[in-house]
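**Q** First the structure, which I've put down as structure tokens, then a few questions once you've had a look.
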Amino acid sequence: VKQTSFVWLRVSLLACGIATSMLLPGVGHAQADPKVEKEMADLKARTAILGAPRLDHAEAVGGTAASALYFGTTKINNNFEVVDAVVKEYGGTATLFAKTGNDYVRVSTNVPLGGGRGRAIGTILDPKGKAIVNINKGEPFVTIDHEPYITGYEPIKDSSGKVIGVYYVGYKK
């Protein structure tokens, strides 16, 4: 019964995520990519199952001080279970960023560092990039002209509606 309830909850959350993403207006949905939409909905559904998002104390992630991002009681910093599960299902890349000061720091990702040096945790979302404008307004951003990836970014909001992080998915063209 527990397994059936869990599967049903996951399917319901995934369906709600897809329906919500299709109904919400925003620049990011003007050029939505179906693969990015599915991957984003799955990333959001998997984190929603864990519980409400929140930030806590700062800790080192890849040598960078970052806020600890939690979904429910699950700390996401240096925890790659969710991003790896999404990537296993869809391919591409996935990241969860935590807002730290005015920056968004990668606290969980499968995006590789160059030269085979592991995951790009502790790196910062480009503060001058196109996505940041929408994220700071609490809106999604999708680009299909960003070489060599098609990407999607959506804000992670806490229970009060404050942007505390960023969901990211992408794949090579």
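**Q** Tell me, in nm to one decimal, what length is gained between S159 and T73 on full extension, where the rule is 0.36 nm per residue of separation less the Cα-Cα distance? Spell out each step's value before the answer.
**A** Numbers: separation 86, 0.36 × 86 = 30.96 nm, distance 1.46 nm.
So the chain would gain 29.5 nm between S159 and T73.
**Q** To continue, here is another question. Using alpha-carbon positions, what is the distance between the centroids of the range 154-173 and the range 112-135, in Å?
**A** That distance is 13 Å.
**Q** If r is the Cβ-Cβ distance from A65 to N136 and R0 is 22 Å, what FRET efficiency results, to the nearest 0.05? Please report the intermediate quantities before stating the final value.
**A** Values: r = 21 Å, r/R0 = 0.94.
Result of the calculation: an efficiency of 0.60.
**Q** Right, something else. In what order, largest first, do S67, S159 sit by accessible area if the probe radius is 1.4 Å?
**A** Numbers: S67 20, S159 120 Å².
Putting S67, S159 in descending order of accessible area: S159, S67.
**Q** Quote the accessible area belonging to D56 in square angstrom, nearest 10, computed with a 1.4 Å probe and with ligands, DNA and RNA left uncounted.
**A** 70 Å²
**Q** Would you tell me the accessible area of R119, worked out with a 1.4 angstrom probe on the heavy atoms of the protein chains, in Å² to the nearest 10?
**A** 80 Å²
**Q** Right, next: On the Cα set of the range 133-173, report Rg and Dmax in Å, please.
**A** Cα only, the range 133-173: 11.4, 37 Å (Rg, Dmax).
**Q** Return the Rg/Rh ratio of the range 63-162 with Cα-based radii and a Kirkwood Rh.
**A** Checking Rg against Rh, the ratio lands at 0.94.
The values are calculated or read from the model by the stated rules, or taken from the named source; none is laboratory data. Quick caveat, the model's predicted, so the values are computed rather than measured. Glycine also receives a Cβ, built like all others from the backbone with ideal geometry; neighbour counts cover every protein chain displayed. What goes into the accessible areas is simple: the full protein's heavy atoms, side chains included, and nothing from ligands, DNA or RNA. Shrake-Rupley method; radii C 1.70, N 1.55, O 1.52, S 1.80 Å.
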